[in-house]
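See structure below.
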Amino acid sequence: MITLTRTDSSNPDFIALVKLLDAYLAQKDGRDHDYYNQFNTIDKLKNVVVCSENGIPMACGAIKEFDADSMEVKRMFTNPEARGKGLASKVLTELEAWTEELGYKSCVLETGKRQVEAVALYKKKGYSIIPNYGQYIQIENSLCFQKDLK
């Protein structure tokens, strides 16, 4: 059974999944990891989704305000043993619904070019590549996306 739980960044299941995410990204990003890591603190995230399968936390994601119209998707991760089951898609759909409920019109996000599975997920879910924003403007490994909701 799959369950989605709306919570915040103090949730212990979210914290545990983010530790796995950080270890995964450190391996994928190599020397670039320290740069990205500074933008990925979780201490103030108010909108977090944890996806559990049979009571075991397997995937997560979060949103935070980007601007007056947009939420930024952060900290998307699926435990490698649970990949291929559509859990990330479920988390992302829930984050988008939450974004709309909060009155925002779109979601933006950044992912690394080396995260091939993530890039494929975002394209499949209707996200379009946009010019890199903010701290990612001149970062060659970064891809930024946006999806208008509604």
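The values are calculated or read from the model by the stated rules, or taken from the named source; none is laboratory data. As the structure is a computational prediction, the values presented were derived from the model and not from experiment. For neighbour counting, all protein chains shown are included, and Cβ atoms are generated from backbone atoms with ideal geometry for every residue, glycine included.
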Checklist line | Hey, TYR35 surrounded by 20 or more Cβ atoms within 10 Å (Cβ to Cβ) and either farther than 24 Å from ASP8 by Cα or modelled with pLDDT under 95 (or both) or not | finding: no
Item checked: Of all residues in the stretch 94-141 being part of a strand (DSSP E or B) and free of Cβ contacts under 8 Å to residues at least 40 places away in the same chain, the one that is surrounded by the most Cβ atoms within 10 Å (Cβ to Cβ) -> LEU109
Checklist line | Qualifying residue in the stretch 125-138 (condition: at pLDDT 95 or above, under 24 Å from ALA82 (Cβ atoms) and not aromatic (Phe, Trp, Tyr)) | finding: yes
Item checked: the stretch 59-79 - residue that is in a loop (DSSP other than H, G, I, E, B) and in contact (Cβ under 8 Å) with a residue 40 or more places away in the chain and, of those, nearest to GLU100 (Cα to Cα) -> PHE66
Next item on the list: State the number of residues belonging to the stretch 100-118 that are under 19 Å from SER89 (Cβ atoms), touching a strand residue (DSSP E or B) at 6+ places or on another chain (Cβ under 6 Å) and not acidic (Asp, Glu).
Entry: 6
Checklist line | Test result for THR5, over 19 Å from LEU143 (Cβ atoms) and modelled with pLDDT under 90 | finding: no
